[in-house]
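Contents: one structure, followed by commentary.
Values quoted throughout were computed directly from the atomic coordinates according to the rules given, and no laboratory measurement underlies them. These numbers come from a predicted model, not from an experiment. Note that each Cβ is placed from the backbone with ideal geometry, even for glycine, and that neighbours are counted across all protein chains shown.
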Amino acid sequence: MKEKEKEEIVKKGVKIIPLGGLEQIGMNITAFEYEDSIIVVDCGLSFPDDEMLGIDLVIPDVTYLKENIHKVKGFVITHGHEDHIGGLPYVLKDINVPVYATKLTIGIIENKLKEHNLLKSTKRKVIKYGQSINLGCFRIEFIRTNHSIADAAALAIYSPAGIIVHTGDFKIDYTPVFGQTIDLQRFGELGKKGVLALMCDSTNVERPGFTMSERSVGISFDNIFAENKLHRIIIATFASNVDRVQQIINSAVKFGRKVVLEGRSMVNIMSTASELGYITVPENVLIETEMMKNYTDDQLVLITTGSQGEAMAALSRIAASTHRKISIKPGDTVIFSSHPIPGNERSVNKVINDLYRQGAKVIYQDTHVSGHACQEEIKLIYSLTRPKYAIPVHGEYKHLIKHAELAEKLGVDKNNIKILSSGDVLELTDEKAQIVDKVQAQGILVDGLGVGDVGNIVLRDRQHLSENGLLIVVVTLEKHSNQVLAGPDIVSRGFVYVRESENLMDEARYVVNGALDKCLDKGITDWGKIKTEIKDSLSDYLWKKTKRNPMILPIIMEV
């Protein structure tokens, strides 16, 4: 009887529920559910696209987790990049469960929790490579990988239905700057045990070959430093790329330069990495920004945030001449040590152009290597783990499709390759894999201090205003009779310049008066209907005259 019961339990399957991170780069978060247990892998944010006017961040919609809060056992984090941890401070306010991650990742998360006053209320546990934790029905093992931040981990998720391997963001770096190389042996051992499903990074699946080692960037830095001995050097990179900063510091020491860290996130992460022993900085190499005046240009290196053209980041403010302490000098060498994230190209190019205008020399090629696996590395992981099911993750839809094609070439049955969308509920057993449900998984918009108070309707209004402008129509009506006592006055913002469009404004007033007379003749006293009549009449007229469709806002005052 017990054996039969076990078989029935296994047939129920494990559910994999991506709540973000698919069809896009960013906002990675995936729930794994088995009966009364849910674990959540990563909890990232994404940055707004061009259509999200005024939005600062996009965080995951965790409605499903809130509805099943009694099942959620904890967050398991693969590494410390924003697209994997940035949503935690927002989500933990509603889902206060423990967070499990490696040493540096926990350190970076703690910085975020301090900012949001959540440090005391959030349980954290540092997990070592090879160590396993038990959360409900799941056992999760942390496996060493390489990435563009130290302490990255893949996860072996042991469920009653089978082993699921989640690579996290990874590459195979045989000569990492910090720590050891990826634990390929463990992936092979898991393959021998039998892997039910592999959830593998898709970011670089279109690129053939292998990703270059992070150490190769250090050689490029040495060459650039040697070629620019007389000028100040400014290098922009991701604050979280601790290994990159280490190599910049190594080159600075080699060429006798002092190092200035600029940008709040850069200072915070380097402070954490230094305290935890993930970066080595010789004494008297780091100096404060205010001390730069004591050194000549050939003695200085600045490491800044802003490699993605972020408006408020240090480099963007320096390029726009709005930084309070640092300005570009002719001859400065500025290095972008990153590739633009898809969607950020325009912002990055704007910063580059601004730097050139101020006389800087800009280098934005050959100073970066990816932290993600190319085709040969992905093939190696498949060969070692030999999964029954392939579930491509972390990428735009085109990346997932290319990954699926690669997995099929490697021998995974086409029917066992599952391309998911955020919100899909995939149920896996050894016999079958099928999407059994769909849950809410739209991103939640963060605007200033407001979380989720800006939705599609507000965004649509913002887009309308940005494209067509606004006309405000002010009319004063007599109480009861609705006779016009004053107006209509028309105010234009972002539609036309009133002083050069007097005839259009006069005719617009005439149209509004006509709409008011029409309402009076029909005996319409409902203000809502009067406003609708004004909007419809004026909108038709303006479209005929200008082929524009501004937002029209009628305001009726009563005397």
Item to complete: Could you tell me what fraction of 2.2 N^0.38 Å the Cα radius of gyration of segment 22-111 comes to, as a two-decimal ratio?
Response: 1.09
Worksheet entry | Degrees separating the helix 345-357 axis from the principal Cα axis of the chain, which is the longest one | 90
Item to complete: Could you compute the FRET efficiency for Lys325 and Glu275, with r as their C-beta to C-beta distance and R0 at 30 Å, rounded to 0.05?
Response: 0.75
Discussion item. I'd like the Karplus ³J(HN,Hα) series for segment 540-548: coefficients 6.51, -1.76, 1.60, θ = phi - 60°, whole numbers in Hz, and an x wherever there's a Gly or Pro.
Written reply: 4, 5, 5, 5, 5, 7, 10, 6, 10
Worksheet item: Out of every Cα-Cα pair in the chain, what percent are more than 44 Å apart?
Response: 32
Worksheet, complete the sentence: Residue separation between Arg139 and Tyr356 times 0.36 nm, minus their alpha-carbon distance, gives in nm 72.8 nm
Response to the item:
Filtering chymotrypsin sites (Phe, Trp or Tyr not before Pro) in segment 107-212 by DSSP loop and by at most 14 other Cβ atoms within 10 Å leaves Tyr174
Discussion item. Starting from 0.36 nm per residue, how many nanometres of slack lie between Glu189 and Asn284 once their C-alpha separation is accounted for?
Written reply: 29.6 nm
Fill in: Calculated diffusion of segment 215-363, Stokes-Einstein form, Kirkwood radius summed over Cα pairs, 4 °C and 1.567 mPa s, µm²/s
85
Worksheet item: Can you list the lysines whose alpha carbon is less than 18 Å from that of Lys529, not counting same-chain residues fewer than 8 positions off?
Response: Lys479, Lys518
Worksheet item: So how tilted is helix 184-193 from the main axis of the chain? Cα-based, degrees 0 to 90, rounded to 10.
Response: 90
Worksheet entry | Computed [θ] at 222 nm, deg cm²/dmol, the chain (DSSP H ≥ 4; -39,500 (n - 2.57); rounded to nearest 500) | -10000 deg cm²/dmol
Worksheet item: Using 11 Å as the cut-off for backbone N distance, which residues of segment 362-395 belong to the label zone defined by a point 7 Å from the Cα of Lys409 along Cα→Cβ?
Response: 375-376, 379
Discussion item. What FRET efficiency comes out for Lys229 versus Arg346 if R0 is 45 angstrom and r is the Cβ-Cβ distance? Round to the nearest 0.05.
Written reply: 0.85
